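To start, the structure itself, in structure tokens.
The values are calculated or read from the model by the stated rules, or taken from the named source; none is laboratory data. Just so we're clear, the structure is a prediction, and the values are computed from it rather than from any experiment. Positions of Cβ are backbone-derived with ideal geometry, glycine not excepted, and every protein chain shown enters the neighbour counts.
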Protein chains: 2
Amino acid sequence: MIQQSDPTGLHRVLDDFRVLPQAARRLDTRPELWPDEVRIRVERLNLDAASFRQLEQQHEGDGGAVRDAVLGIVADRGKMQNPVTGSGGMLIGTVEEVGPESPLGLKVGQRVATLVSLTLTPLVITDGLADWDGRSEQVPCAGYAVLFGRSIAAVLPDDLPTGLSLAVMDVCGAPALTSRVVSQYVDRGSAPRVAVIGGGGKSGSLALAAARAAGAGRLVGVVPTEREAASLEGAGLADAVVVTDARDPIALRDSVAAAGGPADVTVVCVDVPGCEGGAVLSTADGGTVIFFSMATSFSAAALGAEGVAADVTMLVGNGYVPGHAALALDLLRTDAGVRRLFEERLA
Amino acid sequence: MIQQSDPTGLHRVLDDFRVLPQAARRLDTRPELWPDEVRIRVERLNLDAASFRQLEQQHEGDGGAVRDAVLGIVADRGKMQNPVTGSGGMLIGTVEEVGPESPLGLKVGQRVATLVSLTLTPLVITDGLADWDGRSEQVPCAGYAVLFGRSIAAVLPDDLPTGLSLAVMDVCGAPALTSRVVSQYVDRGSAPRVAVIGGGGKSGSLALAAARAAGAGRLVGVVPTEREAASLEGAGLADAVVVTDARDPIALRDSVAAAGGPADVTVVCVDVPGCEGGAVLSTADGGTVIFFSMATSFSAAALGAEGVAADVTMLVGNGYVPGHAALALDLLRTDAGVRRLFEERLA
């Protein structure tokens, strides 16, 4: 019998062994709030790219089957957490009820995006996802979700379309941490060379813009196709754009080197497995690799660096950095190239 | 047709898609050397703790079955890489042949330990592991292994028993990186509080000793049993020793806090999955978590920190830091507590 809620949401975990909600197999989705909780009326889910891609591949592009899979996961686990990738996504909705002890500062009626993962957010879907064709990461959805004391939600800005804000907030950890790491170099008096693997994507383009704003030197964007290269070149976010399969470590090493590398800071933003080795080899001795892809393998990164005697600092991309949503939205507002890439992607 | 060797060992990869040896399914184990390679006559393997534990559990402690499993993996893959944990271990042996372009500085006849993982080292076992009972991580073994241009091997010191040197070198990345991170705090004028989860183990006890030598403030060791607690207390490596199940995030958070935390630097050295959340919650805002366990889940760490809005820097424990073997061996020589723990463990 639970006597008291915990800011981590522990009181909603239904597993026999005590784990945090993110690690739990199943969450309690009852709509009644504990004193520090907030209930959101859900309007849309934004599935994590790695998760959506996995589901799409597993079901061979059959949208109906993908929809059934998402419904099945949420009904079974009380949260949207892809059992293969372990990842989730985020959601937007309207604040429906605020517990008297909630520290989040939200008010009933505000439209918000949750900046904690769906993998730890109690969620109930009530419309069978009838308005979703299962073919896009953005999922129209009716239902409700619950936020805990230590959750994070951001009020959606008035000056930007909702889809755009959501897409930006979904990946706002990447530019914030990139900015912080680049700033540490700048504070020590150098302008680091930065390579962003997957520089044409959402988190990648924001990471490039954040690196430039923080004072980076040469910026290299790595993309998988000529089409993405043209798009990224048009956006003007990088000094050099190279087309390479990031899963080929030697090709990645050699192409980053040819574009002005190796990098002092390498940011991995691609949602495919197997990029750890190439990222390490693209990074200068004493440099830093930031892994933002949920497809990153911890052991491949650790052993890959050791295996080539690479003295690099490797960071797990933490999705939370104070002020991350505001920083990312400001980059979108002030950098026309970033905005165009996001709008192209959402079109 | 391969024309030239690559310092990463790429030329030994037999997979259709080009990956580094660590990521490869199968390696070429031919004994003939490329110009920058070294061949080692193997004497003993030291299996990674997470790998050995997994094999032991899978085969319910049946030593013969564990031995057959290791033989099967090596025959199939041309290297010792546990397919479940992804991890390997290291080996010792004698230098048998040195290619004319090898940059490693080794000489025929030297006894060495390889400091790159078995997961990327071409290996052939010739004695069927006849002298191993399958019940310990230390595996007497006849056969040969190949080192690449960028591999690392350390000559075994004369003043220490081989088993002791091997056990220390196997985990020497942990004290080296811990030392570097603590030194960064010390350089900024503070003596960080350090918590080592799994402080009674090999990497954990060395991490505690390295933290103290680097100028850490309060040191907390977290261990799973009263027996380990008594042993760690006897060794005098920590200011406080607490007994907690590190997989219980709330218990870990609360016990580290009660012992003088939260920690500025938390070092995770336990070989069980599910410790990411507790490590994050045990760490102060703005602090650093170093994950050294091969059982670490990348997504659990990334999403776990985000899920509780924790502004912590999370490092993938890189097994290579320049000078790591020498630093760890010196800690063993100069810290009687560390030495006693290692000798107890090997006894």
* Structure fact -> With criteria (1) part of a loop (DSSP other than H, G, I, E, B); (2) more than 10 Å from every other protein chain (Cβ to nearest Cβ); (3) of a type in the set (A, V, I, L, M, F, W, C), A:A325 comes up short on (1)
* Top-ranked residue in segment B:296-310 [being more than 22 Å from the chain's Cα centre (by Cα) and either aliphatic (A, V, I, L, M) or at pLDDT 90 or above (or both); ranked as nearest to A:G86 (Cα to Cα)] -> B:L303
* Checklist (1) within 14 Å of chain A (Cβ to nearest Cβ); (2) in a loop (DSSP other than H, G, I, E, B); (3) of a type in the set (A, V, I, L, M, F, W, C) applied to B:A176, failing item -> (2)
* Does A:A229 satisfy being surrounded by fewer than 24 Cβ atoms within 10 Å (Cβ to Cβ), more than 9 Å from chain B (Cβ to nearest Cβ) and modelled with pLDDT of 95 or more? -> yes
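Would you check if B:R39 is away from chain A (no Cβ under 14 Å), not aliphatic (A, V, I, L, M) and not in a loop (DSSP other than H, G, I, E, B)? Explain how you work it out, then say what you get.
Details: away from chain A (no Cβ under 14 Å): yes; not aliphatic (A, V, I, L, M): yes; not in a loop (DSSP other than H, G, I, E, B): yes.
In short, yes.
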* Would you check which residues across segment B:313-322 are in contact (Cβ under 8 Å) with a residue 40 or more places away in the chain and either closer than 22 Å to A:G323 by Cα or more than 8 Å from chain A (Cβ to nearest Cβ) (or both) and list them? => B:L315
* Within segment B:67-93, can you find the residues that are assigned to a helix (DSSP H, G or I) and under 27 Å from B:A153 (Cα atoms)? -> B:R67, B:A69, B:V70, B:L71, B:G72, B:I73, B:V74, B:A75, B:D76, B:R77
* To do: Taking only segment A:1-35 into account, find how many residues are in contact with a helix residue (DSSP H, G or I) (Cβ under 7 Å, 6 or more places away or on another chain), more than 14 Å from every other protein chain (Cβ to nearest Cβ) and surrounded by fewer than 19 Cβ atoms within 10 Å (Cβ to Cβ).
  => 2
* Residue satisfying all of: in segment B:250-302; in contact (Cβ under 8 Å) with a residue 40 or more places away in the chain and part of a helix (DSSP H, G or I); nearest to the other protein chains (Cβ to nearest Cβ) among these -> B:G278
* For segment B:107-135, name all the residues that are surrounded by fewer than 19 Cβ atoms within 10 Å (Cβ to Cβ) and touching a residue at least 40 places away in the same chain (Cβ under 8 Å). => B:Q110, B:R111, B:V124, B:G128, B:D133, B:R135
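Of all residues being hydrophobic (A, V, I, L, M, F, W, C) and within 17 Å of the chain's Cα centre (by Cα) in segment A:260-274, which is surrounded by the most Cβ atoms within 10 Å (Cβ to Cβ)? Just the residue, please.
Residues of segment A:260-274 hydrophobic (A, V, I, L, M, F, W, C): A:263, A:265, A:267-270, A:272.
Still in the running and within 17 Å of the chain's Cα centre (by Cα): A:267-270, A:272.
Values: A:V267: 33, A:V268: 31, A:C269: 30, A:V270: 28, A:V272: 14.
Out of the qualifying residues, it is A:V267.
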* Conditions (1) within 14 Å of chain A (Cβ to nearest Cβ); (2) over 23 Å from A:S297 (Cα atoms); (3) in a helix (DSSP H, G or I); (4) not polar (S, T, N, Q): number failed by B:G163 -> (1)
